[in-house]
Amino acid sequence: MRILVVEDDKDVAGFVIKGLREAGHVVEHADNGRDGLFLSASENFDAIVLDRMLPGGVDGLRLLETLRGQNNNTPVLILSAMAQVDDRVRGLKAGGDDYMTKPFAFAELLARVEALARRGKGEGPATKLAAGDLEMDLLSRAVKRAGQKIDLQPREFRLLEYLMRHAGQVVTRTMLLEGVWDYHFDPQTNVIDVHVSRLRQKVDKPFPTPLIHTVRNAGYMLRAEQP
Amino acid sequence: MAALSRRRPLIGSAGVRFGLIYAFTFALSTIILAVFLWWSTAGLLDRQTDAAITVDAQGLLERYVDGGLPPLEDTIEQRMAGNIDDDAIYLLADPFYRKMVGNLERWPPSVLPDTDWTQIRIERAGRRGMAQIRQFDLLGGYHLLIGRDVEAHAQMARLLTDALLWAVGVALLLGSLGALAVRGLFRFTLADVSATAAAISAGDLSRRVRVSGRGDEFDRLAETINDMLDRIGRLMDGVRQVSNAIAHDLRTPIARARARLEDAAEHARGEVDLRAAIVRAEADLDGVIAIFQALLRIAEIEAGARRSAFAPFDLAPLLLDLADLYAAAAEERGQRLAPEIPPSLPAFGDRDMVQQAVANLLDNALKFSPPGSAIRLGASGEAGQPARITVADEGPGIPEPDRLRAAERFFRGESARSTPGSGLGLALVQAVATLHGGSLRLEDNRPGLRATLTIGTRQPPLPGGRVNATSSADQSHAAIGAA
């Protein structure tokens, strides 16, 4: 995927760009707001990683507002040292799709950028999700694996739905907390792991191949093994 | 104060201004009183004289109209004879102002032809005096003067005027003295406030404004100022304490990470060793970041900046969701999480903050409870009362002396030191409670700890929450909220 990184700090930018390239993405870089605005407005990207405080007279929020003002809906992840709740709200209001605060773990950034870029592809509203032999009907709320019906609690259903919508991508614990529970804090207890392990009991345990994989130091991924 | 009046013109001093206002008000009311007195005494006599003259004139003029000159002359003679007080003045004159009848020697030169009322000096039977006179021109060219001797009135008016002028003078003097007194009192009362403020800006935070004990407005001002100073003092203490704690609690993991990296750089025997050391150092640094984020979040909440997101919401589904999130983790640890939540529980505040506060309490309960024990998440509320959220566990609890300090930043009980956590969890809960006009109460659950968080149901007036610890420790409780 083509990703634009607008970040003035050389070390952070280098670290992010290297990581994204290693993950197989094509990365462009702008180290000030004006170049960032020019690039983002003139070329097509699947996602933009945007710092808030930028040199060049155009700060991150101005860039984002200008972009949205031109009906450019490229997914934008704001990456900022401004960590207060109000800063986050302001960033999302300006048109940001996700907000991460520095310092950050690269695995989290990668997972979120990939999720955003994928969402930007904009498939229509699906009524059915599928991964390997796992099928989910969003209307009748029925889940089947290899033709066999699986009974899920409402919360387990939403957790599996989130994993299936992001099939093939890394999903971090924070993303699950935000996406499935709508919580914006980090519990000190391993609550998410417990819920995922319960889901595994129902979805993976009775079958020969597992679908839900643990990604070390990052989170989880639902992936159908290619035979 | 002294410095102030030296630098500014006199009128710039509030004390002088208040004194002047006092003096002006006092003088003005004295003058109004004097004018009223004059009007109601001397003025009254004058008006009575004028009325008598008018009545007298009416009678005489009627006579003249009815009968002509002779009956008028007769009547004047009669009236002069019948005037016991000898204060009435009559003079009838011919068209050439020659006296025909009356008790004046001749037509007074000061009475000019076209005037109606006049006051003239007269000399009558050897006595000089003042007279109030009215002049009438009769048909046929005759002239009539009717008047009253008002010498006595004039004397009284002079006396009265003198007395009133003196009174105004005395009033001005008293007013000025009063003004000085007001200014002095003002300075005296404010001197202490300004001295205290000066001492505090010079760095002596222990100074307080003196309270006289009379319970007046100045006392209330002094109490408000003292309350403010107490709060500032507490905040300063808090800052000092926190900076010490930060210095200590953050230095440790940073030192550990540094040591690991240095050790790896020196002694690592291959890439595997190196990687392992780096990953562990990364984890240490993540811990530091988590502490920073928790501290900033608490500071953000305490600053009260997030009140803008306050709105009414229902606590019941929020608590049920949290119970659902934590029940699985509790079960994993062999604990039971039992929610006892009413169908609906209105509250007013910031949903996200309350969620995080309750999550912190649940984190603590799970972390410190032994397997096989029960954790209760309860909630209750009555109309008009703050909503109560209770998290009760059967863990080791917190020993009574530590309970008051448990919600302080970085405070960790003896036995909590062995468990992971930063000692900021309860501090955050406390900050959320205070911001919501509620409180955090830590009590003995016999065994275990019962934490009660109250959340206001309407817009809180001012942060007023405090930690209350109730006594009754029958068991050694030793786990402190970390998280």
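Nothing in this text is a laboratory measurement; each read-out follows from the coordinates by a stated rule. These figures come from a predicted structure and were not determined experimentally. Here Cβ is always computed from backbone atoms with ideal geometry, including for glycine, and neighbour counts include all displayed protein chains.
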*So which aspartates and glutamates pass the test for A:LYS144, namely a Cα distance under 17 Å, with those fewer than 8 places away in the same chain ruled out?*
A:ASP133, A:GLU135, A:GLU156, A:GLU161, A:ASP204
*Per the Kirkwood definition applied to all pairs of different Cα atoms, how many angstroms is the hydrodynamic radius of the protein assembly as shown?*
34.7 Å
*Quick one: check the C-alpha center-to-center distance for the range B:212-268 versus the range B:135-186, whole angstrom.*
74 Å
*Over the alpha-carbon set of the range B:307-469, divide Rg by the Kirkwood Rh and report the Rg/Rh ratio to two decimals.*
0.95
_What three numbers, in Å, describe the spread of the alpha carbons of the range B:90-241 along their principal axes, ordered from the longest?_
112, 32, 25
_As a test, work out the antiparallel percent of DSSP beta bridges whose residues both lie in the range B:267-403, rounded to the nearest 5._
65 percent
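Work out how much length B:PHE188 to B:ASP204 would gain on full extension: take 0.36 nm times their residue separation and subtract the Cα-Cα distance, in nm to one decimal. Could you put the intermediate results ahead of the total?
Details: separation 16, 0.36 × 16 = 5.76 nm, distance 2.15 nm.
Length difference between fully extended and current span is 3.6 nm.
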*Can you work out the FRET efficiency for the pair B:ILE31 and B:PHE96, with r the C-beta to C-beta distance and R0 = 41 Å, to the nearest 0.05?*
0.25
*Determine Rg/Rh for the range B:82-167; Rg is computed over alpha-carbon atoms and Rh is the Kirkwood hydrodynamic estimate from the same atoms.*
1.06
*Flagged links, alpha-carbon separation over 32 Å, of A:LYS202/B:LYS367; A:LYS205/B:LYS367; A:LYS10/B:LYS367; A:LYS93/A:LYS205; A:LYS18/A:LYS93; A:LYS10/A:LYS93*: A:LYS10/B:LYS367; A:LYS93/A:LYS205
*P(r) tail for the range B:217-302, what percent of Cα pairs lie past 22 Å?*
52 percent
*Find the eigenvalues of the gyration tensor of the Cα atoms of the range A:99-206, then list the square roots of 5 times those eigenvalues as equivalent ellipsoid semi-axes, largest first, in whole angstrom.*
25, 18, 12
*Run the quick spin-label model on B:GLN119 and A:THR209: label points 7 Å from Cα toward the beta carbon, then report their separation in nm to one decimal.*
12.7 nm
*Taking N as the number of residues in chain A, what is its alpha-carbon radius of gyration divided by 2.2 N^0.38 Å?*
1.09
*Over the range B:154-237, what is the relative contact order in whole percent, taking alpha-carbon pairs under 8 Å and six or more residues apart?*
17 percent
*Kindly express, to the nearest 10 degrees and within the range 0 to 90, the angle between helix B:14-40's C-alpha long axis and the longest C-alpha principal axis of chain B.*
30 degrees
*asked:* Full-extension gain between A:GLU65 and A:ALA81, please, as 0.36 nm times their residue separation minus the C-alpha to C-alpha distance.
replied: 3.8 nm
*asked:* Along the Cα→Cβ direction, 7 angstrom out, place labels at B:SER308 and A:ARG200. What is the inter-label distance in nm?
replied: 4.3 nm
*Apply 1/(1 + (r/R0)^6) to the Cβ-Cβ distance of A:ARG90 and B:ARG269, taking R0 = 51 Å, and write down the FRET efficiency to the nearest 0.05.*
0.55
*Treat every Asp and Glu Cβ in the range A:2-120 as -1 and every Lys and Arg Cβ as +1, leave all other atoms uncharged, and give the resulting dipole magnitude about the Cα centre to the nearest 20 debye.*
280 debye
_Relative contact order %, chain B, counting alpha carbon pairs below 8 Å whose residues are six or more apart_ = 10 percent
_Nearest 5 percent is fine: what portion of the DSSP beta bridges confined to chain A is antiparallel?_
50 percent
_Magnitude of the charge dipole, the range A:128-222, Cβ model with Lys/Arg +1 and Asp/Glu -1, debye to 20_ = 240 debye
*Find the centroid of the Cα atoms in the range A:1-68 and in the range B:269-285, then give the distance between the two in whole Å.*
31 Å
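Report the gain in length on full extension from B:GLN293 to B:LEU139: 0.36 nm times residue separation, minus Cα-Cα distance, nm rounded to one decimal.
44.2 nm
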*Would you mind listing how long chain B runs along its three principal axes, going by Cα atoms, in whole Å with the largest first?*
150, 57, 44
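Could you size up the charge dipole of the range B:217-302 around its Cα centre, putting +1 on the beta carbon of Lys and Arg and -1 on that of Asp and Glu, and report it in debye to the nearest 20?
380 debye
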*asked:* Just to be sure I understand the model, the point goes 7 Å from the Cα along the line to the Cβ. What's the resulting A:ARG158 to B:ASP50 distance in nm?
replied: 9.3 nm
